[in-house]
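Chemist: I'd like to ask some things about the structure below.
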Amino acid sequence: VTLTPNARALVETDMTDIGTGTYTVLTQIAADLLGLPVSQVEVRLGDTDFPPAAGSGGSVGACSSGSSVYMACKEIRATLAKALGVEEDNL
């Protein structure tokens, strides 16, 4: 997960979406945790240059990649809070 200079979040992973809602799930997780509208979150999938993923099928993608997005966003929040000298809840 990367924050861009134009206040957008970019989520990248090499997993694919086989109709299991991966784009929607990862977009919503990032938007919720970063306090962004979903229109400000872009999810890119399926490129081997992106961080590896467990794959798709059933709820595996939501569980594995969703957890990774969650943890990355929590780290971003902690970094921003520290840099701004505020509590994470005040972001």
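Chemist: Could we say that Gly35 is loosely packed, with under 15 Cβ neighbours inside 10 Å, at pLDDT 80 or above, at positive phi and of a type outside the set (Ser, Thr, Tyr) here?
Modeler: Yes, satisfied.
Chemist: Among the residues of region 2-41, write down those that are under 13 Å from Ala62 (Cβ atoms) and touching a Pro at 6+ places or on another chain (Cβ under 8 Å).
Modeler: Across region 2-41, the qualifying residue is only Thr13.
Chemist: Enumerate the pairs (first residue in region 17-46 and part of a helix (DSSP H, G or I); second residue anywhere and of a type in the set (Val, Ile, Thr) and exposed (fewer than 15 other Cβ atoms within 10 Å of the Cβ)) with beta-carbon separation below 6 Å, excluding pairs fewer than 6 apart on the same chain, so at least 6 apart or on different chains.
Modeler: What qualifies is Thr27/Val38; Ala31/Val38.
Chemist: Could you go through region 62-84 and let me know if any residue there is modelled with pLDDT under 95, part of a loop (DSSP other than H, G, I, E, B) and out of contact with any Asp or Glu (no Cβ under 7 Å at 6 or more places or on another chain).
Modeler: no
Chemist: Moving on. Have a look at Thr48, Thr13, Thr20 and point out the one that is among the polar types (S, T, N, Q), more than 14 Å from the chain's Cα centre (by Cα), surrounded by 14 or more Cβ atoms within 10 Å (Cβ to Cβ) and at pLDDT below 95.
Modeler: Numbers: Thr48 fails: surrounded by 14 or more Cβ atoms within 10 Å (Cβ to Cβ); Thr13 fails: more than 14 Å from the chain's Cα centre (by Cα).
Selected residue: Thr20, the only one of Thr48, Thr13, Thr20 that is among the polar types (S, T, N, Q), more than 14 Å from the chain's Cα centre (by Cα), surrounded by 14 or more Cβ atoms within 10 Å (Cβ to Cβ) and at pLDDT below 95.
Chemist: Out of the residues in region 51-61 that are closer than 15 Å to Thr24 by Cβ and either under 13 Å from the mean Cα position of the chain (by Cα) or surrounded by 18 or more Cβ atoms within 10 Å (Cβ to Cβ) (or both), which is modelled with the highest pLDDT?
Modeler: So, considering only residues that are closer than 15 Å to Thr24 by Cβ and either under 13 Å from the mean Cα position of the chain (by Cα) or surrounded by 18 or more Cβ atoms within 10 Å (Cβ to Cβ) (or both), the one modelled with the highest pLDDT is Gly61.
The values are calculated or read from the model by the stated rules, or taken from the named source; none is laboratory data. Predicted model, so just to flag it, every value in this text is computed and none were measured. Every residue, glycine as well, gets a Cβ built from its backbone with ideal geometry; the counts of neighbours run over all protein chains shown.
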